[in-house]
Amino acid sequence: MNKHIKVFSGSQIFVNRLSQLLNEIEVPYLVKDNKEAGRVAGFGTLGNSIDVFIYESDLEKAQSTIDDFKHQIEADK
């Protein structure tokens, strides 16, 4: 069975950009918005509560894209 692994946690803006990059290299992903889920349930969450997951089997294909993305956002800080 192919399991999901978390590759990024951050703000909605960064998650949207990473999602776009993953689409470009045709890697399926899953976005889990804990902040929105907490709001709907009636309680809040703190910090960067949006996670991006990919299949473990796609990690090798996506690793350089993810690393470049993380390096770029670190450089912009």
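The values are calculated or read from the model by the stated rules, or taken from the named source; none is laboratory data. Predicted model only: the values in this text are computed from it and were never measured. Backbone-built Cβ (ideal geometry, glycine too); neighbour counts: all protein chains shown.
Observations
- For the stretch 48-77, a residue qualifies if it is closer than 21 Å to Asn34 by Cβ and of a type in the set (A, V, I, L, M), and the qualifying residues are Ile50, Val52, Ile54, Ile66, Ile73.
- Among the conditions (1) aliphatic (A, V, I, L, M); (2) at pLDDT 90 or above; (3) surrounded by fewer than 12 Cβ atoms within 10 Å (Cβ to Cβ), the only one that Leu22 does not satisfy is (3).
- Scanning the stretch 33-50 for residues that are within 14 Å of the chain's Cα centre (by Cα) and either of a type in the set (Val, Ile, Thr) or at pLDDT 95 or above (or both) yields a single hit, Ile50.
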